[in-house]
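Have a look at the structure below before the remarks.
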Amino acid sequence: MTPQAITTIIFVRHAQAAYSSDDRTRPLTEEGMENRKIVAETLRDRKIDAFLSSPYKRSMDTIRPAAELRNMDIRTDERLRERQCGDFTSDSLARRWADFSWAEENGECLASVQGRNMEALRDVLRNYAGQTVVIGTHGTALSTILNFYNPLFGLQDFLRIVSWMPYITELTFEEDRLLEIKELNHVEKDIPQ
């Protein structure tokens, strides 16, 4: 029996972004722009075969210097976007993590976020088998992927990484079977309450 190709997916949760009413076009802060260098440095000696991203500006801009160092384009996938936020209440976060099918008014449930992100990841694993791919992502989107592979990954795990911007983690697969998760780097930021 021949060994299967190993595929490496490096998820990069975006650097610190400015707050704005348009979630898609939120730019990185000045500090976030500076922290992109950490992403480029972390990936410096890696052979990267493709750069993919959420279509949101902050995700693309975070991985852009690493892609430009290699003269590579960033391809976007709408399925990798962040959760649609709704009307937030003080118990929204805990309720969402306790029940993946629950969403606040005008919001998107975690089951929906997980479903579309996993569909995109399965396509990446099939289309880039045996390669190394960087994916620009978001905190909630990445957390739902980590939860898919480890159902014990919950609210406390999300809260551990919520202020890490950027956050770089590597998932290694044999076909679609997860072999290992390694946290490569992160920058801790203060999150306004």
For this session: Might you check whether a residue that is surrounded by fewer than 16 Cβ atoms within 10 Å (Cβ to Cβ), over 17 Å from ARG24 (Cβ atoms) and touching a residue at least 60 places away in the same chain (Cβ under 8 Å) occurs anywhere in segment 110-129?
Result: yes
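Being assigned to a strand (DSSP E or B) and surrounded by 12 or more Cβ atoms within 10 Å (Cβ to Cβ) is the filter here; which residues of segment 182-193 pass it?
LEU184, ASN185, HIS186, VAL187
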Exercise. Can you name every residue in segment 59-80 that is in contact (Cβ under 8 Å) with a residue 40 or more places away in the chain and either under 20 Å from LEU121 (Cα atoms) or not in a helix (DSSP H, G or I) (or both)?
Worked result: SER59, MET60, THR62, ILE63, ALA67, ILE74, ASP77, ARG79, LEU80
Exercise. Looking at segment 134-146, which of the residues that are not in a strand (DSSP E or B) and not hydrophobic (A, V, I, L, M, F, W, C) is surrounded by the fewest Cβ atoms within 10 Å (Cβ to Cβ)?
Worked result: GLY139
Exercise. Are any of the residues in segment 83-101 in a helix (DSSP H, G or I), touching a strand residue (DSSP E or B) at 6+ places or on another chain (Cβ under 9 Å) and either surrounded by fewer than 15 Cβ atoms within 10 Å (Cβ to Cβ) or of a type in the set (Gly, Ala, Ser) (or both)?
Worked result: no
Problem set entry | Residue that is nearest to VAL113 (Cα to Cα), among those in segment 42-56 that are within 18 Å of the chain's Cα centre (by Cα) and surrounded by fewer than 19 Cβ atoms within 10 Å (Cβ to Cβ) | PRO55
Problem set entry | Selected residue (criterion: surrounded by the most Cβ atoms within 10 Å (Cβ to Cβ)) from residues of segment 147-181 that are assigned to a strand (DSSP E or B) and over 14 Å from the mean Cα position of the chain (by Cα) | PHE173
For this session: Might you let me know whether segment 120-131 holds any residue that is touching a Ser or Thr at 6+ places or on another chain (Cβ under 9 Å), aliphatic (A, V, I, L, M) and within 26 Å of LYS189 (Cα to Cα)?
Result: no
Problem set entry | Only listed residue being surrounded by fewer than 20 Cβ atoms within 10 Å (Cβ to Cβ), touching a Pro at 6+ places or on another chain (Cβ under 6 Å) and not aromatic (Phe, Trp, Tyr), chosen from THR25, THR76 | THR76
For this session: Please work out which residue is farthest from ALA120 (Cα to Cα), limiting yourself to segment 139-180 and to residues that are among the aromatic types (Phe, Trp, Tyr) and in contact (Cβ under 8 Å) with a residue 24 or more places away in the chain.
Result: TRP164
Exercise. So which residues in segment 106-122 are modelled with pLDDT of 85 or more and either of a type in the set (Val, Ile, Thr) or over 15 Å from the mean Cα position of the chain (by Cα) (or both), if there are any at all?
Worked result: GLY107, GLU108, CYS109, ALA111, SER112, VAL113
For this session: Scan segment 5-54 for residues that are over 26 Å from THR172 (Cα atoms), in a loop (DSSP other than H, G, I, E, B) and among the β-branched types (Val, Ile, Thr) and jot them down.
Result: THR29
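The values are calculated or read from the model by the stated rules, or taken from the named source; none is laboratory data. All of these numbers come straight from a predicted model, not from anything done at the bench. As a convention, Cβ positions derive from the backbone with ideal geometry for all residues, glycine included, and neighbour counts pool all protein chains shown.
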